[in-house]
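Reviewing the structure listed below.
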Amino acid sequence: MKEARRRENIAGYIFMAPSLLFFLGFVIFPMGMCLVTSFFNYTMTDFSFVGLNNYKEMFGDPIFSKALVNTIIIVVVSVPVTCMFSLWVASIIFKMRPLNTSFFRCVFYLPVVTGSVAVTVVWKWIFNNYTGVLNYLFKSLGIISKNMNWLGDPSTALWCIITILLTTSVGQPIVLYVSALSNVDHSLTEAASVDGATNMQVFWRIKWPQIMPTTLYILVITTINSFQCFALIQLLTSGGPNNSTQTIMYYIYYQAFKLNRYGYGSAMGIILAIIIAVFSAIQFRLAKTDNG
Amino acid sequence: MSAIQKADLPSRMKKRSPETDTTDHSVHALTPYRVLSIAFLIFLTILFIFPLYWIVTGSFKTQQVINARVPVWFPLNPTVGNYERLFQKPAFTWLFNTVLLCAAAMGLTCVSAAMGGYALAKKNFRGRTFLFSLFVCAMALPKQVILIPLLKEMAFLKLHNTLWAVILPTVGWPFGVFLMKQFSEGIPNEMLEAARIDGAGEARTFIDIILPMIKPGIGALAIFTFITAWNDYFLQLIMLNDTKVLTISLGIAKLQSELSTDYGLIMAGAALGSIPIIIIFLLFQKFFTRGITMGAVKG
Amino acid sequence: MKKLLALLLCLMLMIPAFALADGVEITLWTYPIGSWTDDATVASLIADFNAAYPDIKVNVQFLDYQSGDDQVTTAIEAKTTPDVIFEGPERLVANWGAAGKMLDLSDLFETEEGKTIYETVSGSCKGADGKYYEYPLCMTTHCMVINKKAFEAADAMKYINEETRTWTTEDFENACRALTEAGFTPVTGIVYCGGQGGDQGTRALVYNLYSGTFTDETFTTYTMDSEANIKGLQKLYDMVQEGIMTVDPGIVAGDAISLFCNGTASMCFCWNAALETNNKDTLAENVEPYAVAFPSDDGVPTLDGGIWGFGIFDNGDEARANAAKEFIKFMCNDATQAPKSVYATGYFATRAIGDIYTGTEKEANAAYDAFSPYFGGYYQIAPNWAAQRTAWWNLLQRVFASGNVADEVAVYMTEANAK
């Protein structure tokens, strides 16, 4: 028995070895180093222990709080919107003829395969204050009377970024929902309709529970996606105007690369990591109990 | 093939695929809601295709046309000047680097994640729960968090400014292991039991029994990793410096310079960077969608 | 499929082999300075060098101002810095030099040619520790540009002294008013502040309006909170409120230049000789660039300058460092090569080598020498420069958003003068 247990252990570790090597080597080890350097005043010329000073400074740093708020806005807005939007699109297109379904699936998946940088640069041009097609279009349609500075106005810039983020993140969820909806047990929905249930009731009572696992999976990947929207910020606004699109991800990069304050950047990284770990843990709990 | 059916793995997938189903449609009459929805859908379609259209047409416009205050919807006097200027730079090298990088990241991830996922799902080794929690917590971690130590580490390993510096952390990212664990859990224990009784060793079991059963999962992961690596601008940005090792995304980003915004050139770069993968996507559309769907089979 | 993958992986393994071989192979990183951003131009300059030094191979890498600094920072941290880098003192001296990453180039200043470099220039190439971290090749003054056709249409040329190419703050304001009324272009000028790109223009605009200065005389403290400077910012804010000036927190100088060239704006606050050359082909029909100095209340401007030259990163390899020095000496000191190197930048030499533009394609550049007497000193080597630059464009964004000039400047002062 003990022998079997030992063999199981060894086999387990051998199978784990390759992924563990990469994971520990290039994720966990740097993470540990990040924790260590967060206690140092670490710049291009200096490396001295400062205890919790970086953390203290961070909580007094107004830009950090702004970045934190923006990061949360991005995640809290884009995750549910992406989910609902994709569910809606999927619910329309899954009933169509197969060719049409795949056509629409492709359309919505297009921005994903176009690549984040290519998408970002073209949107930058579309949003351009003077030569952008958006202003021209809105002006011709009489929606706005004079050119809007979409990316240059603190009240619109973040929403522009979220919009672009949405177009690049709905592709996968739509594909997932289409297949989940097509696989909903048909006899149940039919029976319910016969019993006089409305479409809405059929959806919430019967379909929604059945596509729940898909929804949870989508929540996970969309959250990951939203936390990664670095290229958008860097290439479109550099965190401006007036820090209205500043996110923690960009601010870390900024502190490290523009001001060479590696220690301070690391401290922010640690806080971000904690927030995200908590986020993931909650999501995972939810997934567990619901599957349960 | 038969292995999949035997395992009854994609239990939620086994029902009718939408492609073979036609009876259902007649039920949905053209209600006003449906008409409106479809109209809106068509509007969205335009919205989603437009950026791509704008990239392609923009790449054939001259600087004057691009800067015109009234947008020119279609370049009536197309120019290839933008492409000529683009190819003065090593654009094909960038494209080649990107493909190389994505392929390597994809291959390594699939191998290591398939093994790791299987172990986490089916091997009852000590520390399993702890390791799995670690993977889950790290899953959504943005790479910005560890950028500085990672940079130092790559410098120490003398890998900075090589594609490896991007590949290794991509492979280390825990999502793959997580996904493969979910897949491997669908394998019935009886099959492993049977294999053991037949006297198959660990390696044999993995290659002959597990691999065929999680093949769809590997396909899903392969596509996912490829696209993630393709889009992972950040890691490329901090790890690659030399013109010779740039990727196409970086190349495009670097076409924007401080004292001029040459949209024609940038669009040409964007077209070069996106058209090949779009063509691949359209050709293998079925595999893409199937792969993606597979990923969600286990929530 | 598997075989293909295996093949790809094998190919991958070969990539590290691309790493630089030792020996005399040096790497040059160059920021976009004039035509030093153009493959063909730089290749021909290097070909000249190789004709004289066939044993030294030079690899070139072009940086841009958007991501160039990040690239150098990663390279420093990853210890993959190039040998030679071509930029100005604010980076070579005040940043990387001060951080101890650069080699002392004092011996180059001991050469015959090195001794003839203008003193104001060589002084800016020297760090606080007395070591020289940059060997200068060229210099220029930054000015602004107006669209002569737009000004003529608005009858506004009378506000500019065409002999000296200067104007007063009052003239400037009147010209903007006239331009707005005439409506020849949609906007007059654009105060861009979406990032640090081309911020020398907005800086000079602000501090010249009431003859302030950007730093104190010793280039150690920023002085944006002086009465003159606050008045200048207020004036700009008022002009924006009046609708005769535009502010755009979404763009940087590059976009502003494009907007000038396509006839959207009648003036641009970022301009110099090289920009005139580089943008020749992008001008719309109704645009005729005419360089002018920044307006100031007394009509005597103080202009920002640019000094560009070479620095050598300390890579601990003497052979490469020596090769790098030979390269710099050849580019800057060689009697036939130096004019060519300078000509490629479109600027002016940092020692007397005579007129190099008259009778060439870049004939127009010669006119820009007229601004040289207004050069006000190279304050960009002031401490905390990189942080200050970010603070600056953020200040502009806040000022134009809130109009609360004094308070916003106070915030800027703490950020800029920190540490």
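Does the stretch A:23-39 contain any residue that is of a type in the set (A, V, I, L, M, F, W, C), in contact with a strand residue (DSSP E or B) (Cβ under 8 Å, 6 or more places away or on another chain) and not in a loop (DSSP other than H, G, I, E, B)? No, the conditions are met nowhere in the stretch A:23-39.
The number of residues in the stretch A:94-103 being part of a helix (DSSP H, G or I) and more than 7 Å from every other protein chain (Cβ to nearest Cβ) comes to 3. Looking only at residues in the stretch A:40-61 that are assigned to a strand (DSSP E or B) and among the hydroxyl-bearing types (Ser, Thr, Tyr), the one that is nearest to residue A:261 (Cα to Cα) is A:42.
The rows are residues; the columns are (1) in contact with a strand residue (DSSP E or B) (Cβ under 8 Å, 6 or more places away or on another chain); (2) among the hydrophobic types (A, V, I, L, M, F, W, C).
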residue	(1), (2)
C:143	yes, yes
C:148	yes, no
C:151	yes, yes
C:157	no, yes
C:160	yes, yes
C:165	yes, no
C:170	no, no
C:174	no, no
C:180	no, no
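Of all residue pairs spaced 6 or more apart or on separate chains, those with beta-carbon atoms under 6 Å, a first member in the stretch B:114-135 that is touching a residue at least 60 places away in the same chain (Cβ under 8 Å) and more than 7 Å from every other protein chain (Cβ to nearest Cβ) and a second member that is of a type in the set (Asp, Glu) and assigned to a loop (DSSP other than H, G, I, E, B) are B:121/B:185.
The strands (runs of 3 or more DSSP E) found entirely in the stretch C:241-314 that carry 2 or more residues being closer than 19 Å to residue C:193 by Cα and at pLDDT 95 or above are C:267-271. Taken over the stretch B:160-184, residues that are within 11 Å of chain A (Cβ to nearest Cβ) and not in a helix (DSSP H, G or I) amount to 2.
For (1) under 30 Å from residue C:71 (Cβ atoms); (2) out of contact with any His (no Cβ under 8 Å at 6 or more places or on another chain); (3) at pLDDT 85 or above, each residue gets a yes or a no:
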| position | (1), (2), (3) |
| --- | --- |
| B:142 | yes, yes, no |
| B:154 | yes, no, yes |
| B:158 | yes, yes, yes |
| B:196 | no, yes, no |
| B:208 | no, yes, yes |
| B:212 | no, yes, yes |
| B:223 | no, yes, no |
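If the condition is being of a type in the set (Ser, Thr, Tyr), in contact with a strand residue (DSSP E or B) (Cβ under 9 Å, 6 or more places away or on another chain) and crowded, with 24+ Cβ neighbours inside 10 Å, then the stretch C:60-91 contributes no residue at all.
Residue B:232 falls short on exactly one of the conditions (1) farther than 25 Å from residue B:129 by Cα; (2) surrounded by fewer than 22 Cβ atoms within 10 Å (Cβ to Cβ); (3) among the charged types (D, E, K, R), and that condition is (2). The conditions of being touching a helix residue (DSSP H, G or I) at 6+ places or on another chain (Cβ under 7 Å), more than 14 Å from every other protein chain (Cβ to nearest Cβ) and either surrounded by fewer than 19 Cβ atoms within 10 Å (Cβ to Cβ) or not acidic (Asp, Glu) (or both) are not met by residue C:253. Within the stretch C:173-188, the residues that satisfy the criterion of being touching a helix residue (DSSP H, G or I) at 6+ places or on another chain (Cβ under 7 Å) and closer than 24 Å to residue C:275 by Cα are C:175, C:176, C:179, C:184, C:185, C:188.
Could we say that residue B:105 is more than 7 Å from chain A (Cβ to nearest Cβ), over 30 Å from residue A:252 (Cβ atoms), of a type in the set (A, V, I, L, M) and touching a residue at least 60 places away in the same chain (Cβ under 8 Å) here?
Working: more than 7 Å from chain A (Cβ to nearest Cβ): yes; over 30 Å from residue A:252 (Cβ atoms): no; of a type in the set (A, V, I, L, M): yes; touching a residue at least 60 places away in the same chain (Cβ under 8 Å): yes.
Here the answer is no, as residue B:105 does not meet what is asked.
Tell me, which residue of the stretch B:190-217 that is farther than 17 Å from residue B:114 by Cα and in contact (Cβ under 8 Å) with a residue 12 or more places away in the chain is farthest from the chain's Cα centre (by Cα)? Before the answer, list the steps.
Of the stretch B:190-217, the ones farther than 17 Å from residue B:114 by Cα are B:190-191, B:193-201.
Within this subset, residues satisfying the condition of being in contact (Cβ under 8 Å) with a residue 12 or more places away in the chain are B:191, B:195.
On the way: B:191: 32, B:195: 34 Å.
Filtering first and then ranking leaves B:195.
Note on the stretch C:373-391: among residues that are under 16 Å from the mean Cα position of the chain (by Cα) and assigned to a loop (DSSP other than H, G, I, E, B), the one that is nearest to residue A:242 (Cα to Cα) is C:382.
When residues of the stretch A:110-128 are filtered for being more than 7 Å from chain B (Cβ to nearest Cβ), part of a helix (DSSP H, G or I) and of a type outside the set (D, E, K, R), how many remain? The number of residues fulfilling the criteria is 2. A search for C-beta distances below 7 Å between a residue of the stretch B:38-63 that is at the interface with another protein chain (Cβ under 8 Å from one of its Cβ atoms) and any residue that is hydroxyl-bearing (Ser, Thr, Tyr) and buried (at least 16 other Cβ atoms within 10 Å of the Cβ), counting only pairs 6+ apart in sequence or on different chains, returns B:48/A:167; B:52/A:114; B:55/B:274; B:58/B:263; B:63/C:282.
Evaluate the following for residue C:129: is it outside the structural domain of residue C:43 (by TED's automatic domain parsing), assigned to a loop (DSSP other than H, G, I, E, B) and surrounded by fewer than 24 Cβ atoms within 10 Å (Cβ to Cβ)? Spelling it out, it is not the case that residue C:129 is outside the structural domain of residue C:43 (by TED's automatic domain parsing), assigned to a loop (DSSP other than H, G, I, E, B) and surrounded by fewer than 24 Cβ atoms within 10 Å (Cβ to Cβ).
Which residue, of C:352, C:370, is surrounded by fewer than 17 Cβ atoms within 10 Å (Cβ to Cβ), of a type in the set (Gly, Ala, Ser), in the same structural domain as residue C:98 (by TED's automatic domain parsing) and more than 20 Å from the chain's Cα centre (by Cα)?
Values: C:370 fails: more than 20 Å from the chain's Cα centre (by Cα).
Answer to the selection: C:352.
Of the residues making up the stretch A:1-27, just one is of a type in the set (Asp, Glu) and facing chain B (nearest Cβ under 7 Å), namely A:8. Where helices (runs of 4 or more DSSP H) sit wholly within the stretch A:180-287, those with at least 1 residues that are more than 23 Å from residue A:56 (Cβ to Cβ) and more than 10 Å from chain B (Cβ to nearest Cβ) occupy A:186-194, A:208-227, A:230-236. The residues of the stretch B:140-154 that are among the hydrophobic types (A, V, I, L, M, F, W, C), surrounded by 23 or more Cβ atoms within 10 Å (Cβ to Cβ) and facing chain A (nearest Cβ under 7 Å), listed by number, are B:140, B:145, B:146, B:147, B:148, B:150. Taking the stretch C:61-113 as the range and being more than 21 Å from residue B:151 (Cβ to Cβ) and within 9 Å of chain B (Cβ to nearest Cβ) as the test, the residues that pass are C:62, C:65. Between residues in the stretch A:57-76 that are assigned by TED's automatic domain parsing to the domain that holds residue A:264 and residues that are of a type in the set (Ser, Thr, Tyr) and in a helix (DSSP H, G or I), which pairs lie under 7 Å by C-beta distance while being six or more apart or on different chains? What qualifies is A:57/A:264; A:63/A:251; A:64/A:251; A:67/A:251; A:74/A:226; A:75/A:223; A:75/A:226.
A quick yes/no check of all residues on (1) β-branched (Val, Ile, Thr); (2) touching a residue at least 24 places away in the same chain (Cβ under 8 Å):
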{"residue": "C:51", "(1), (2)": "no, no"}
{"residue": "C:65", "(1), (2)": "no, yes"}
{"residue": "C:93", "(1), (2)": "yes, yes"}
{"residue": "C:105", "(1), (2)": "no, yes"}
{"residue": "C:125", "(1), (2)": "no, yes"}
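For the stretch A:163-179, residues that are surrounded by fewer than 19 Cβ atoms within 10 Å (Cβ to Cβ) and in contact (Cβ under 8 Å) with a residue 60 or more places away in the chain total 1.
The values are calculated or read from the model by the stated rules, or taken from the named source; none is laboratory data. Keep in mind it's a predicted model, so treat the numbers as computed, not measured. With ideal geometry, Cβ positions are generated from the backbone for all residues, glycine too; neighbour counts draw on all protein chains shown.
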